[in-house]
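Only the coordinates and a few stated rules stand behind these numbers; no lab work does. These numbers come from a predicted model, not from an experiment. When we count neighbours, we look across all protein chains shown, and the Cβ atoms used for this are built from the backbone with ideal geometry, even at glycine.
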There are 2 protein chains.
Amino acid sequence: MAKNNGKMVEAITSMEEDFAKWYTDIVKKAELIEYTSVKGCMVIRPYGYAIWENIQKILDGMFKATGHENVCMPMFIPESLLQKEKDHVEGFAPEVAWVTYGGNEKLEERLCVRPTSETLFCEHYANIIHSYRDLPKLYNQWVSVVRWEKTTRPFLRSREFLWQEGHTIHATAEEAIEETERMLNTYAEFCEKSLAMPVIKGRKTDSDKFAGAESTYAIEALMHDGKALQAGTSHYFGDGFAKAFGIQYTNKENKLQYPHQTSWGVTTRLIGAIIMTHGDDNGLVLPPAVAPIQAVIVPVAQHKEGVLEKAGELYEKLKSAGIRVKLDDSENSAGWKYAEYEMKGVPVRIEIGPKDIENNRCVLATRYNGEKTTVSLENMLETFKDKVVSLLEDEIPQGMFDKALENMKKRTYACKTMDEIVKVLAENGDGFVKAMWCGDEECEDKVKEATGVGSRCVPFEQEEISDTCVCCGKPAKKMVLWAKAY
Amino acid sequence: MAKNNGKMVEAITSMEEDFAKWYTDIVKKAELIEYTSVKGCMVIRPYGYAIWENIQKILDGMFKATGHENVCMPMFIPESLLQKEKDHVEGFAPEVAWVTYGGNEKLEERLCVRPTSETLFCEHYANIIHSYRDLPKLYNQWVSVVRWEKTTRPFLRSREFLWQEGHTIHATAEEAIEETERMLNTYAEFCEKSLAMPVIKGRKTDSDKFAGAESTYAIEALMHDGKALQAGTSHYFGDGFAKAFGIQYTNKENKLQYPHQTSWGVTTRLIGAIIMTHGDDNGLVLPPAVAPIQAVIVPVAQHKEGVLEKAGELYEKLKSAGIRVKLDDSENSAGWKYAEYEMKGVPVRIEIGPKDIENNRCVLATRYNGEKTTVSLENMLETFKDKVVSLLEDEIPQGMFDKALENMKKRTYACKTMDEIVKVLAENGDGFVKAMWCGDEECEDKVKEATGVGSRCVPFEQEEISDTCVCCGKPAKKMVLWAKAY
């Protein structure tokens, strides 16, 4: 425990000892969230919210680059509107919050707080789409939604959470399916490049589809404890919603047609995924692309002549290169600062003290692997700046990704029988299981009952583990990815 | 009515004929909003939302430059939490939406959808503030809030609206008051520079303060129809909330103290203010800083050889200069396009046709004053680009501001008696009235009853219109700004 100036960097529970407590310790002690008296809802604190802002900025840029526009729908949905699409209301009605009074007056019709906004987008599309010239509409919104969960955990499952929901509408099924795939690929690219988090792309089985969807695609990531986390989903709706909401357009031949729709979303859950993919027993480990502070400069023996001045030069050099850099010249000890910024997951720490200055160099410590390198301060600090940029843009994200991918590979097991699944997981701990499936929902349920792992998705990249279903022994149709999940 | 390709740019009601209808026509026909089946709530469409995104980006930068951090609080407030500060609950309880059910279960305690978040911030501050080292906290959030209004109008008054709410907490009253003033000045600067909208800064009278505030500052703008619009507010709370919520800190002498708080906000109402300050009978007129499209290139006789090619060059030149530029090469006629982008308020239209190309020039038309100028395309398009930049950054915002200021001055009347107020308004139409006040709430009410104008604020820049109260004739204490208001 580094202690200083009345404050202390508190230790966190180790992962091995209690993974759930380790997680909660990090979200609290890295000051990502704070609990509130509103059960199941949280305050996202500045450091946590800054991560979300960085996620938003990158994703929003990717959405706009592919022609999407942001809009904002109301947060309320009248009960009659929610009920228009049968599967959709069945899926969501049991878990929505109902507004029944406005001021002192009871409402004539109760309103739910949006759990998702398909119904509102459909109502809007019915109003504004008339001709093929009005298609496609490629809309997205950044809002919060509410689902009345029984058990909640910060970022992973909360009654209110932040997300983006894309809702698009197209003239043809082909275009809509292409969009569904494009956005899943966008999510996968974002997770792998910006979050350094490998994901498996695939299609959900029918039992796990979004309420009202024809097909749901998902990306699945593997957490440190061997559990899967669904990091993003993309749904193809066919023309089911269009029919339920009476959305029609006249095509070039002047015939009335039903358009085809999609929706897709990622949530603040991604912050939970970052924690559980990269974190360690010293705290958070943040991918540089979304880290609120990308590099922190810690002066050593800062009272000595020239130290703060040199630290200031390094700060200006990195700042002018567009790096999110912090110079901590507070009176806390260097040791306290090391522990604090390790807890907060800052990707690069720069140490500069009298001896470094004497030798015209400084030390760079990278958070994810704990390595230290010495870099020269010659050449107008260009060498130093180039090294930090290279760390943040290439070496660290690549290193973090490789480390996470290695963990995923190590914990991915190909199994031919249910007995093998049970045995492998008991011996090695939780992880991804690849096993064949006949396509029968009953077998899917039985695998979960017997082994504890449920189907996560049917990966796009198929392998042939065996010829027969892991459960019933009949001919297999698909390889499924199975796991325990968040 | 320019008509083309099956689409038509519809005319809007003229301002003179029916100002309210003119306003509604613009918000609908410029595709800023669309109505929904959720009474009093609206869809903010891409073009409207893009204006809000630009407002957000500029303001968020100003907030961060003054040390503020973004956070996110829950959208729900338990009834018991709302009730902690007496004046606050009295002000807001009659107009909140109440959630009473979560799924099928009745909640033990009902939750209101936040109408504003002082209570949530206070609860959070009580959790995280202990020592003088924890102060100040300079927080802000960008969210939507709900107030159950009876009559609603797009942007101006809706049951749900988007806003930012800043909430800060300080060791001393002086610091908090300084913050309250700083943020009011920030708002005024934003309105005047980025929205080209002159505002009057002042303090609300006690009858018009925010529920729970010690003092409320506001900026007031004057709309085209002579009505005032409150464009932003900043509140100083003293230590009232801290006492109600038990927020205390130990100072350097280790004594327990109550901190002092502020809050401040602006809303999507600003979009309504832009419409009614700058708009005209041809539609929207947008200030360049927040216009989704800053310049539109309209090729004339685009089927002629070289026209689209040259238009493309102009597009690339402006785009690489960071201008939000659109090239409309659709098959609609040039006339249709002129009308369309006038309706949408695009600040600069660039016309380029065969004759222009022959003479190596193009025509720039500025939306707010309808003026056309010819600019040379020599010098690698540098002259052209410089002219467009100069229009967008200097000439247009300054011209729009001057025009709005002239209108405000023309419609500001200094009056010494209530009879004079009635007479001046009858003769000249609505506007700002400057008149003296004794400080008595009864007189304030009487002025409103007798003349129709209510007190908007006590301007920071005081003038002495006379010695005596415009109502009772007793010695005057302050000059008040009076007006009818949105």
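Reducing region B:307-327 and region A:37-81 to their Cα centroids gives an inter-centroid distance of 32 Å.
Over region B:318-367, what portion of Cα pair distances is larger than 19 Å, expressed as a whole percent? When every Cα pair of region B:318-367 is considered, 31 percent fall beyond 19 Å.
Would you mind working out the magnitude of the charge dipole of region B:412-483 relative to its Cα centre, with +1 at each Lys and Arg C-beta and -1 at each Asp and Glu C-beta, to the nearest 20 Debye?
On the way: 9 positive and 14 negative charges, 12 e Å.
Dipole magnitude for region B:412-483 comes out near 60 debye.
In chain B, Cα pairs under 8 Å separated by at least six residues give a relative contact order of 14 percent.
Projecting 7 Å from Cα along the Cα-to-Cβ direction, the label point of B:Glu178 sits 5.9 nm from its equivalents in the other copies, listed shortest first. Beta bridges per DSSP, both residues in region B:412-483: antiparallel share near 75 percent. If the label point is 7 Å along Cα→Cβ of A:Glu393, which residues in region A:325-349 have backbone nitrogen under 19 Å from it? What the label zone holds, given the 19 Å backbone N cut-off, is A:325-326, A:347-349.
Shielding by partners for peptide B:64-75, expressed as the average number of C-beta atoms from other protein chains within 10 Å of each residue's C-beta, is 6.
The calculated FRET efficiency for A:Glu463 paired with B:Glu316, based on their beta-carbon distance and R0 = 51 Å, is about 0.60. Of the options B:Val89, B:Cys191, B:Phe155, report the single residue whose Cα projects farthest towards the positive end of the charge dipole of the protein assembly as shown (beta-carbon charges: Lys, Arg +1; Asp, Glu -1). Of the candidates, B:Val89 comes out farthest on the positive side. Taken as Cα centroids, region A:250-285 and region B:400-459 sit 53 Å apart, rounded to the nearest whole angstrom. For A:Lys416, no residue whose modelled amide H falls within less than 5 Å of its own remains once neighbours fewer than 5 places apart on the same chain are excluded. Relative contact order for region A:432-486: 52 percent, from Cα pairs under 8 Å spaced at least 6 residues apart, divided by residue count.
Backbone geometry of region A:65-79 corresponds, through the Karplus equation with coefficients 6.51, -1.76 and 1.60 at θ = phi - 60°, to 3J(HN,Hα) couplings of 5, 9, x, 8, 10, 8, 9, 9, 8, x, 7, 9, 10, x, 4 Hz, x marking Gly and Pro.
Given a Förster distance of 45 angstrom, what is the FRET efficiency for A:Ser215 paired with B:Glu427, based on the Cβ-Cβ distance and rounded to 0.05? Rounded to the nearest 0.05, the efficiency is 0.05.
Which loop GluC sites (Glu not before Pro) in region A:431-486, with loop taken from DSSP, have no more than 16 other Cβ atoms within 10 angstrom of their Cβ? List each step's numbers first, then the result.
Details: sites: A:Glu441, A:Glu442, A:Glu444, A:Glu449, A:Glu461, A:Glu463, A:Glu464; in loops: A:Glu461, A:Glu463, A:Glu464.
Passing both the DSSP loop test and the Cβ count: A:Glu461, A:Glu463, A:Glu464.
Report the antiparallel proportion of the DSSP beta bridges in region B:333-460 as a percent, rounded to a multiple of 5.
Working: 9 of 12 bridges.
Roughly 75 percent of the DSSP beta bridges within region B:333-460 come out antiparallel.
If you take all other residues with their beta carbon under 14 Å from the beta carbon of A:Gln83, and give Lys and Arg +1 and Asp and Glu -1, the sum is -4. If the label point is 7 Å along Cα→Cβ of B:Ser207, which residues in region B:443-467 have backbone nitrogen under 18 Å from it? Answer for region B:443-467: B:443-459. Here is how the number arises for chain B: DSSP H runs of 4 or more residues each give -39500 (n - 2.57), the sum is divided by the residue count, and the result at 222 nm is -10000 deg cm²/dmol. Between the amide H of A:Gly238 and those of A:Glu214, A:Gln261, distances stay under 5 Å, these residues lying 5 or more places away or on another chain, with hydrogens modeled in the peptide plane. Dipole magnitude for chain B: computed about the Cα centre from +1 point charges on Lys and Arg Cβ and -1 point charges on Asp and Glu Cβ, it is near 480 debye.
Each Cα pair under 8 Å and six or more residues apart adds its separation to the average, and for region A:315-464 the resulting relative contact order is 12 percent. Here the dipole of the protein assembly as shown is about 340 debye; that uses its Cα centre as origin and unit charges on the Cβ of Lys and Arg (positive) and Asp and Glu (negative).
Set against the 2.2 N^0.38 Å expectation for a compact globular protein, region A:412-483 has a Cα radius of gyration ratio of 0.95.
Using only Cα atoms, what is the ratio of the radius of gyration of region A:290-395 to 2.2 N^0.38 Å? Can you show the working numbers first?
Working: Rg = 12.4 Å, N = 106, 2.2 N^0.38 = 12.9 Å.
Against the compact-globule rule of thumb, the ratio is 0.96.
Using the beta-carbon distance between A:Glu109 and A:His130 and R0 = 25 Å, what value does 1/(1 + (r/R0)^6) give for FRET efficiency, to the nearest 0.05? With R0 = 25 Å, the Cβ-Cβ based efficiency is 0.35.
The value given for region A:13-278 is a Kirkwood hydrodynamic radius of 19.6 Å, derived from the mean inverse Cα-Cα separation. Only Cα sites of chain B enter the Debye sum here, all with the same form factor; the resulting log10 I(q)/I(0) across q = 0.10, 0.11, 0.12 1/Å is -0.86, -1.00, -1.13, listed in q order.
List the pairs from A:Lys150/A:Lys227; A:Lys57/B:Lys317; B:Lys304/B:Lys337; A:Lys326/A:Lys403; B:Lys57/B:Lys344 whose alpha-carbon separation is above 23 Å, in the order I gave them. The partial results should precede the final answer.
On the way: A:Lys150/A:Lys227 20 Å; A:Lys57/B:Lys317 26 Å; B:Lys304/B:Lys337 18 Å; A:Lys326/A:Lys403 27 Å; B:Lys57/B:Lys344 21 Å.
In this structure, A:Lys57/B:Lys317; A:Lys326/A:Lys403 lie more than 23 Å apart at Cα.
Note on B:Lys84: lysines with a C-alpha under 17 Å away, same-chain residues under 8 apart excluded, are B:Lys243. Distances between placed amide hydrogens fall under 5 Å for A:Ile297 paired with A:Lys326, A:Leu327, A:Asp328, A:Ile350, all partners being 5 or more residues away or on another chain. Please state the Cα pair-distance histogram of region B:335-486 with 5 angstrom bins from zero: what percent is in each bin? Final binned percentages: 2, 9, 14, 14, 10, 7, 6, 7, 8, 7, 6, 5, 3, 1, 0. Once Lys and Arg get +1 and Asp and Glu get -1 on their Cβ, which of B:Trp336, B:Leu391, B:Asn359 lies farthest toward the positive end of the dipole of region B:293-399? Of the candidates, B:Trp336 comes out farthest on the positive side. Across region B:261-278, coupling constants 3J(HN,Hα) worked out from phi with the 6.51/-1.76/1.60 Karplus curve, θ = phi - 60°, read 10, 9, 8, 7, x, 10, 10, 4, 3, 4, 5, x, 5, 4, 4, 7, 8, 10 Hz, and Gly and Pro carry x.
Calculate the translational D of the protein assembly as shown in whole µm² s⁻¹ from Stokes-Einstein, where the hydrodynamic radius comes from the Kirkwood formula applied to all Cα pairs, the temperature is 20 °C and the viscosity 1.002 mPa s.
On the way: Rh = 31.1 Å.
In µm²/s, the coefficient rounds to 69.
Whole-Hz Karplus values for region A:94-109 come out as x, 10, 9, 8, 10, 8, 10, 10, x, x, 9, 9, 6, 6, 5, 10 Hz, taken residue by residue from phi with 6.51 cos²θ - 1.76 cosθ + 1.60 and θ = phi - 60°; glycine and proline positions read x.
When A:Asp445 is represented by a point 7 angstrom out along its Cα-to-C-beta vector, the spacings to that point in the other copies are 7.0 nm, nearest first.
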